[in-house]
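Only the coordinates and a few stated rules stand behind these numbers; no lab work does. Please read all numbers here as calculations on a predicted model, not as lab measurements. Ideal geometry is used to build each Cβ from the backbone, glycine not excepted, and the neighbour counts take in all protein chains shown.
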């Protein structure tokens, strides 16, 4: 994103309060400064010499969640998360970012992930359909990948796995490391090209957002238009509605709720598909969280888990409290990062957490053999 | 206000012991962000690279009891206290102009009870209005205070300046919806107002806190009236050649008790500029949106009668689409870059008066502003948005696209324009404000507005707040 775009967005947002009602970090911290307008005002004030980048202001800058609520609810689509990422890049260049940013950056540079000390896997052949694995599915909740593959294979789809253990680039971009993000992006796109795939499936809205929107907007890297990008939940829901797959009703009797994952708000129109899938497997009327669908709050699975783990924790706990109040006993979602965060604290709220793909794989009973 | 670093640390420790370490801040970034609200004056000041007075402490209390203890500290050390809700006030009412303790109430954001029989909701004052609305929507109810600031303002912030929402014409102002409140007085007592607002059990003292903008204490909780979500909402737009005829149409709709939930009448300039910019319509005249809601048959009949009135006064019926589009985009006016924003100078010199005076007041204010400041290219636009049985509110605005770059010069010009507008308003029987409040900006007009009754208000203030710590400099009250 050009510095001019950053400046105009920051100037627009610094005195605008119109997305505060969906702001997640302000909701859990109650601090005006840690709100969309607060971040914009701090950046604008540094520009005007009223503040300077120091431990206090940099800490504020790195308290933004970068999950997209502010932009998703802005009538004029102000790209504030992008502006904050660009401001962070400036701070990184000035060597003023929190130490953890450089540490995570080093891990991404060496291992393509901060979650393991292993190099990414290589592309496994060629095919019409690819599946981006990423690092969260590989290392944080591998069962979602195993289950997704099981379902796809029963649909006679054997996707080429790409990005195995490689971060999609969102984390680097969010931390203010755009060059590193672009490196990761190019590596993934090179694998996609190598696979020859015409369709790429992704396991989460975070991946979908990163490839479809973050790459062109923040990194200047276009998604190859010849390749259709599809979220797996959307893909499976369409096949269910087309009669190609059916699921058995599970005998799990718990009151359940679908938890819209982090970044869900960035992909309009994706909210119905996972709910339809879940409703076909679990009996009874689903509960709904207060912070759901277009206004879903994230858990602490964004870059905040590194820069402000205390705020990340608050976000996760707030979602669990939201779920508890809904009356749900079982929480289901599809994103590996969200699953990991929820599961770490769910017991304290008398809640259980399950992966959507695992539930679907366990209860898949009927597939139409495609010709 | 607290100049001594030693005393500063002593007070900071005391505050931290009340609310917890995490909820007291003296960080420079916090001080800057909390030094401005949504008023043009402080925003311009920062925009020009000037520094504003900042609070000494930003505190986030979690209960009325904590606020009571904080006020005890403030009284002991004679430190000003500024209550802060959403910071979305346009009058400078939440500016910490003397430093002191800024009380951000947003930690107190719980919805305590929804009574589906009495149709009430009880909530803490720090809840954001949109979040409150979502919560009651889940029970098929609505809190019919649809302010343009609902996404950012708090419940306390709606009550403190006597706010008004888009559908106030039928449902009333925020002050009309409050049954009871919990308030922490400046001297620390936590009181509850009577459980219902209409009774014959003595003077109506609970309304003292409505419009006091924090100068009489801190509203911490309120029980508010709800309504059922309407079965139907019918909207349409009409166009008048003549503003006078349009005002008469609105008056007749109200006095004949047709109960529109909205009448939004734009003057010719607003129609040509704002309506065109946001909605894309190029109309020449006075554009009016009317809306009726509730039972579909009743609403349809009310709308039919209203249309008859409008046509009889020369209006052209524009149909449903422009009205519905206005409703769907009614808050788009506030999003950047299509909102009024810096570096322009602007102000909302809104007022309210009775029907016999409103037209004269409109032209007088328009003349005072347009003629008085023609040399700086001022634009005057207005719409009439909140209607009563006895009168209507004029939402007048001035815009200067090329104000002085120097902050001091700009502020002086701003204040001169405001003065011209307010003098015209008072001279023509209007009130200095209808729903944004007085704050700092209009504080200097309170004596003129209330005349011989003003000393009474000063006595009340002195009694309630003997040390003058609550939001000094606002609503006409000093220390």
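Structure above, values below:
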item: Rg(Cα)/(2.2 N^0.38 Å) for the range A:240-367, N = residue count; result: 1.05
item: More than 16 angstrom apart: percent of Cα pairs within the range A:3-96; result: 48
item: Long-range Cα-Cα pairs in the range B:232-334 (distance over 24 Å), rounded percent; result: 16
item: For chain A, built as a Gaussian network whose Cα springs stay under 10 Å, the top-fluctuating residue of A:89, A:116, A:226; result: A:226
item: Whole-angstrom Cα spans of chain B along principal axes, big to small; result: 72, 59, 43
item: Chain A, Cα convex hull volume normalised per residue, Å³; result: 127
item: Chain A - share of DSSP beta bridges that are antiparallel (%, nearest 5); result: 15
item: Taking B:243, A:315, B:52 and counting other C-beta atoms within 10 Å, the order from fewest to most; result: B:52, B:243, A:315
item: D (Stokes-Einstein, µm²/s), Kirkwood Cα radius, the protein assembly as shown, 1.002 mPa s at 20 °C; result: 74
item: Rounded to 10°, Cα long-axis angle of helix B:64-77 versus longest principal axis of chain B; result: 60
item: Residues residue B:27 and residue B:423, FRET efficiency given R0 of 45 Å [Cβ-Cβ distance, rounded to 0.05]; result: 0.60
item: Spin-label zone in the range A:48-63 - amide nitrogen under 12 Å from a point set 7 Å from the Cα of residue A:310 along the C-beta vector; result: A:60
item: Ellipticity estimate at 222 nm from DSSP helix runs (n ≥ 4, -39,500 (n - 2.57)) divided over the protein assembly as shown, nearest 500; result: -11500 deg cm²/dmol
item: Kirkwood hydrodynamic radius (C-alpha pairs) into Stokes-Einstein, the range B:345-441, 20 °C and 1.002 mPa s, D in µm²/s; result: 159
item: Sorted by Cβ density within 10 Å, fewest first, the residues A:102, B:395; result: A:102, B:395
item: Whole-angstrom gap from the range B:328-391 to the range B:403-433, using each part's C-alpha centre; result: 12
item: Förster radius 41 Å - calculated FRET efficiency between residue A:325 and residue B:14, Cβ distance, rounded to 0.05; result: 0.75
item: Distance histogram for the range A:183-261 (every C-alpha pair counted, 10 angstrom bins, percent rounded to whole numbers); result: 15, 38, 27, 15, 6
item: Whole-Å distance, taken between Cα centres, linking the range B:182-222 and the range B:101-116; result: 16
item: Proxy reagent accessibility, fewest Cβ within 10 Å first, across A:39, A:53, B:454, B:326; result: B:454, A:53, B:326, A:39
item: D (Stokes-Einstein, µm²/s), Kirkwood Cα radius, the range B:108-228, 0.692 mPa s at 37 °C; result: 231
item: R0 of 56 Å, Cβ-Cβ distance residue B:50-residue A:249: FRET efficiency to nearest 0.05; result: 0.25
item: Pair residue B:308, residue A:94: separation of 7 Å Cα→Cβ label points (nm); result: 6.9
item: The range B:120-167 versus the range A:60-110: alpha-carbon centroid distance in Å; result: 32
item: Equivalent ellipsoid semi-axes - Cα gyration tensor, the range B:59-102, angstrom; result: 20, 14, 6
item: Value of relative contact order over the range B:345-441, rounded to a whole percent, pairs C-alpha under 8 Å and six or more apart; result: 43
item: Extent along principal axes [Cα atoms of the range B:173-275; Å; largest to smallest]; result: 56, 31, 26
item: Using alpha-carbon coordinates, inclination of helix A:36-47 to the longest axis of chain A, degrees; result: 40
item: The protein assembly as shown - share of DSSP beta bridges that are antiparallel (%, nearest 5); result: 70
item: Antiparallel DSSP beta bridges within the range B:1-125, percent to nearest 5; result: 45
item: Percentage of interatomic Cα-Cα distances in the range A:77-232 larger than 26 Å; result: 25
